[in-house]
Amino acid sequence: MSGRAEYKPGGSAFAHEILHRKDFWSAVLYVTLGLGTIIASLGYEFGGPSNMGPGFFPIVLGAMLALIGCIIAVRVFTTADGNPDLRLGFINWKALALVSGSTVLFGLLLPYAGVLIALPVLMLVGAAASRHFRIELRAVVGMLVLSVACTLVFVVGLGVPMPLLGSLFGG
Amino acid sequence: MDIFANLLIGLQTAGSLTNLFYCFVGVFLGTAIGVLPGLGPTATIAILLPITFTMGPENALIMLAGIYYGAQYGGSTTAILVNLPGEPSSVVTAIDGYQMARKGRAGVALSTAAISSFVAGTIATLLIALFAPILGEVALKFGPAEYFSLLSLGLVAALVLAHGSLLQAFGTVIVGLLLGLIGPDVNSGVQRFTFGITGMQDGISFVIVAMGVFGLGEIVANLGDESGRSVSGTISKMLPSREDVRRMAAPVMRGTALGSLLGILPGGGAMLASFASYTVEKKLSKRPDEFGKGAIEGVAGPEAANNAGAQTAFIPMLTLGVPSNSIMALIIGAMIIQGIQPGPSVMIEQPALFWGVIVSMWIGNLMLLVLNLPMIGLWVRMIGIPYHFLFPAILVFCAIGAFSLSNSTFDVFLLALFGVVGYVLRKLDCEPAPLLLGFILGPMMEENLRRALMINRGDATVLFTRPISCALLMGAVALLVMVLLPSIRAKRDVAFQEE
């Protein structure tokens, strides 16, 4: 990773640099969200200053957001000089997929399999996101203890209505 | 003087056995999460919020406040022992605190932090008791125009104090404001941005947003860098010598003054206060060359400042109902769920609650001082807990917490979504705290702007013709101009680089 380098606008190195910039992607995000908000709000009444409709505030905010995105985008294209601080860096796709995936899995499993199965699955899939993940006795015992403890505290103690065993088991 | 009568009411509430218990639970949990790797007070408070729904309002608020300032204390402990600031406000403590520890004075550094925090906390409590009623009276004169301007000032301050690019922080705040608008529109009842999804008909719960962005998102970010940490050396001598006490007295007083002032500023004054205090002490010291090499003043001043700031941050929240940081925003959420509308009326209608929380903060600081010095061995062992044992448990608490909000799995799916949002924001260098603040303030801002303009028949100049409103907006503009000035901008960049 060398420091700053000169890029010619229009060159492929320039495009490569832009696509790996954090602020480029924030600009994309803000412009998309801003325009999306405006489009989604067109169906709501806009109203006037003295009687603002439900569309007024979101459209103003959406326009501001899109504008901010554009300003950032202009800055990206005028300052593309290979500054390493602005590079996107390593994206931990595995951890992102496993952590959010395990949470979704918990939500899917809960009504069908019940909390006694959904909790260990959540922990197992989630824990796999760590590079220290290994199936070992201590970890398995910890997982089971935590599952049972949580079930006792939340379902039995605090009365959170989660089925112990879900509909698959006739629960 | 009502102040003593008020504090007495508070003492009666906070001194009850149940509240002492919740105060202890709060500061204990707070210190623990401050010490444990990768779990911040925002995520913890979000996780615990569903549990507080079953408690009384005083119990809940006292416990949540305890977590908040307990975490500051735990954060300084890791800053001193392993040079890893547990909380942003203890970044400065790490500079000289860790050097003291390396010279075998870890115990002294820890007790200096605790004593400074306690002294600052005591003075800040008295300041709150003195000034909160005055501010509360001003707040009673607030109309929708003033509230809108105050909220704008709060958001601008949050922008200014956020890390990284101002524009990006501004964008994050707007995204937060927009997310806050999801759900039924208060005036017309129109469903906005719910796209016919049943689970979103009442809007998105701020607890889900906080748990997703600060809990799950933080986990993914932390998993990118899993380095172990361990405490080197032993902690023997705890008490500071007479010479140490003499050297820390003035820095503690100056730090308290700075912290109390800056803490009232919306947007994370406690962190700013600790930086300011460090700079001041270094400038005033007769031995500036000792700073960075284990100067006790460099621990005492910033610790006093951040604790005083953490206390006075409650003033705008308790008197105006306006949060000064994302944790205050969560506590406001907790109050609303308890059926209390935060604002100037709380002090008048619920004096026991108001003064109880204030006095409990003083009691909590006393507990931190008395209990934590003997418990230091426990904290040291907690510092070494590897993150890969810890984060699956955090996942579990987040998932169950999300489900229990309205007993629906839809909230669990939303949690996963906001986890992704939190990670993306971090990757793009957009700080998530302004998002949460915007999320909470969005509906309040819209409501007040609408009402202000409706009362004045659409005349927007009302925001500038009413004196308090105009002053607040001028404050917001002044803050923005200050940050955009090149010289201050450079300093701001340097201050954030040091972390």
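Restricting region B:165-192 to residues that are within 7 Å of chain A (Cβ to nearest Cβ), assigned to a helix (DSSP H, G or I) and out of contact with any Phe, Trp or Tyr (no Cβ under 7 Å at 6 or more places or on another chain), which is surrounded by the most Cβ atoms within 10 Å (Cβ to Cβ)?
Result: B:I174.
When you scan region B:337-352, do you find a residue that is among the hydroxyl-bearing types (S, T, Y), modelled with pLDDT of 85 or more and part of a helix (DSSP H, G or I), even just one? So that I can check it myself, show each step before the final result.
As a first pass, look at region B:337-352 and keep what is among the hydroxyl-bearing types (S, T, Y): B:345.
Among the residues that remain, those that are also modelled with pLDDT of 85 or more are: none.
The answer is no, given that none of the residues of region B:337-352 is among the hydroxyl-bearing types (S, T, Y), modelled with pLDDT of 85 or more and part of a helix (DSSP H, G or I).
Only one residue in B:L378, B:L414 is touching a residue at least 24 places away in the same chain (Cβ under 8 Å) and assigned to a helix (DSSP H, G or I). Which one?
Details: B:L378 fails: touching a residue at least 24 places away in the same chain (Cβ under 8 Å).
Within the list B:L378, B:L414, the selection yields B:L414.
Among the helices (runs of 4 or more DSSP H) lying completely within region B:26-114, list those that include at least 2 residues that are touching a Leu at 6+ places or on another chain (Cβ under 6 Å) and at positive phi.
On the way: elements: B:41-52, B:57-82, B:91-102.
Result: empty, no element qualifies.
Restricting the first residue to region B:8-32 and requiring it to be in contact (Cβ under 8 Å) with a residue 60 or more places away in the chain, which pairs with a second residue that is surrounded by 18 or more Cβ atoms within 10 Å (Cβ to Cβ) and of a type in the set (S, T, Y) meet a Cβ separation below 7 Å and a spacing of at least six or different chains?
Qualifying pairs under 7 Å: B:A14/B:S360; B:N19/B:T13; B:N19/B:S360; B:C23/B:S360; B:T31/B:Y73.
How many of the residues making up region B:429-439 are surrounded by fewer than 24 Cβ atoms within 10 Å (Cβ to Cβ) and either facing chain A (nearest Cβ under 10 Å) or part of a helix (DSSP H, G or I) (or both)? Walk me through how you get there before you give the answer.
Taking region B:429-439 first, the residues surrounded by fewer than 24 Cβ atoms within 10 Å (Cβ to Cβ) are B:429, B:431.
With either facing chain A (nearest Cβ under 10 Å) or part of a helix (DSSP H, G or I) (or both) added as a condition, the list becomes B:429.
Within region B:429-439, residues that are surrounded by fewer than 24 Cβ atoms within 10 Å (Cβ to Cβ) and either facing chain A (nearest Cβ under 10 Å) or part of a helix (DSSP H, G or I) (or both) number 1.
Going by the conditions given, is B:E218 within 13 Å of chain A (Cβ to nearest Cβ), part of a helix (DSSP H, G or I) and among the charged types (D, E, K, R)?
Numbers: within 13 Å of chain A (Cβ to nearest Cβ): yes; part of a helix (DSSP H, G or I): yes; among the charged types (D, E, K, R): yes.
It is true that B:E218 is within 13 Å of chain A (Cβ to nearest Cβ), part of a helix (DSSP H, G or I) and among the charged types (D, E, K, R).
Take B:E297 and decide whether it is crowded, with 24+ Cβ neighbours inside 10 Å and among the acidic types (D, E). First the steps, then the outcome.
On the way: crowded, with 24+ Cβ neighbours inside 10 Å: yes; among the acidic types (D, E): yes.
Taking the combined requirement at face value, the residue satisfies it.
Take B:T77 and decide whether it is β-branched (V, I, T), crowded, with 23+ Cβ neighbours inside 10 Å and under 17 Å from B:M382 (Cβ atoms). Let's see the steps before the verdict.
Details: β-branched (V, I, T): yes; crowded, with 23+ Cβ neighbours inside 10 Å: yes; under 17 Å from B:M382 (Cβ atoms): yes.
When the stated conditions are applied, B:T77 passes them.
Answer with yes or no whether B:M474 is under 30 Å from B:E218 (Cβ atoms) and more than 10 Å from every other protein chain (Cβ to nearest Cβ).
Working: under 30 Å from B:E218 (Cβ atoms): no; more than 10 Å from every other protein chain (Cβ to nearest Cβ): yes.
No; evaluated as a whole, the condition is false for this residue.
Kindly establish whether B:P374 is within 14 Å of chain A (Cβ to nearest Cβ) and at pLDDT below 85.
Working: within 14 Å of chain A (Cβ to nearest Cβ): no; at pLDDT below 85: yes.
For B:P374, the condition - within 14 Å of chain A (Cβ to nearest Cβ) and at pLDDT below 85 - is not met.
Quick check on this structure: which one of B:A399, B:A460 is at the interface with another protein chain (Cβ under 10 Å from one of its Cβ atoms) and assigned to a helix (DSSP H, G or I)? Outline the logic, then answer.
Working: B:A460 fails: assigned to a helix (DSSP H, G or I).
Just one listed residue meets the conditions, B:A399.
Identify, from the list A:G69, A:G55, A:G82, A:G62, the residue that is at the interface with another protein chain (Cβ under 9 Å from one of its Cβ atoms) and modelled with pLDDT under 90. Working first, answer last.
On the way: A:G69 fails: modelled with pLDDT under 90; A:G82 fails: at the interface with another protein chain (Cβ under 9 Å from one of its Cβ atoms); A:G62 fails: modelled with pLDDT under 90.
The unique qualifying residue is A:G55.
Please go through region B:387-411 and give me each residue that is of a type in the set (A, V, I, L, M) and touching a residue at least 40 places away in the same chain (Cβ under 8 Å), ordered by number. First the steps, then the outcome.
Restricting attention to region B:387-411, the residues satisfying the condition of being of a type in the set (A, V, I, L, M) are B:390, B:393-396, B:399-400, B:402, B:405.
Result: B:L390, B:I394, B:L395, B:A402, B:L405.
Please return the ranges of helices (runs of 4 or more DSSP H) entirely within region A:86-171 where 2 or more residues are closer than 29 Å to B:L425 by Cβ, of a type in the set (S, T, N, Q) and without any contact (Cβ under 8 Å) to a residue 60 or more places away in the chain. Working first, answer last.
Working: elements: A:93-113, A:115-127, A:137-150.
Qualifying helices (runs of 4 or more DSSP H): A:93-113.
With A:L144, A:L108, A:L124, A:L168 as the choices, which residue is modelled with pLDDT under 90 and hydrophobic (A, V, I, L, M, F, W, C)?
Numbers: A:L144 fails: modelled with pLDDT under 90; A:L108 fails: modelled with pLDDT under 90; A:L124 fails: modelled with pLDDT under 90.
Step by step, each of A:L144, A:L108, A:L124, A:L168 is checked, and only A:L168 is modelled with pLDDT under 90 and hydrophobic (A, V, I, L, M, F, W, C).
When you look at A:P49, is it in contact with an Asp or Glu (Cβ under 6 Å, 6 or more places away or on another chain), at the interface with another protein chain (Cβ under 8 Å from one of its Cβ atoms), more than 23 Å from B:Y423 (Cα to Cα) and at pLDDT below 90, yes or no? Walk me through it before giving the result.
Numbers: in contact with an Asp or Glu (Cβ under 6 Å, 6 or more places away or on another chain): no; at the interface with another protein chain (Cβ under 8 Å from one of its Cβ atoms): yes; more than 23 Å from B:Y423 (Cα to Cα): yes; at pLDDT below 90: yes.
So A:P49 does not fit the description; no.
Within region A:161-168, identify whether any single residue is over 29 Å from B:A221 (Cα atoms), more than 27 Å from the chain's Cα centre (by Cα) and within 7 Å of another protein chain (Cβ to nearest Cβ), and answer yes or no.
Checked against the condition, which is being over 29 Å from B:A221 (Cα atoms), more than 27 Å from the chain's Cα centre (by Cα) and within 7 Å of another protein chain (Cβ to nearest Cβ), region A:161-168 yields at least one hit.
Since A:C70 meets every condition but one in (1) surrounded by 19 or more Cβ atoms within 10 Å (Cβ to Cβ); (2) of a type outside the set (K, R); (3) under 28 Å from the mean Cα position of the chain (by Cα), which condition does it not meet?
Here A:C70 meets the rest and fails (1).
In region A:85-119, how many are among the aromatic types (F, W, Y), at the interface with chain B (Cβ under 9 Å from one of its Cβ atoms) and loosely packed, with under 14 Cβ neighbours inside 10 Å?
As a first pass, look at region A:85-119 and keep what is among the aromatic types (F, W, Y): A:90, A:93, A:106, A:112.
Now restrict to residues that are at the interface with chain B (Cβ under 9 Å from one of its Cβ atoms): A:90, A:106.
Remaining after also requiring loosely packed, with under 14 Cβ neighbours inside 10 Å: A:90.
Number of matching residues: 1.
The values are calculated or read from the model by the stated rules, or taken from the named source; none is laboratory data. Only a predicted model underlies this, so the values are computations on that prediction, with no experimental measurement involved. Cβ atoms come from the backbone with ideal geometry, glycine included; neighbour counts cover every protein chain shown.
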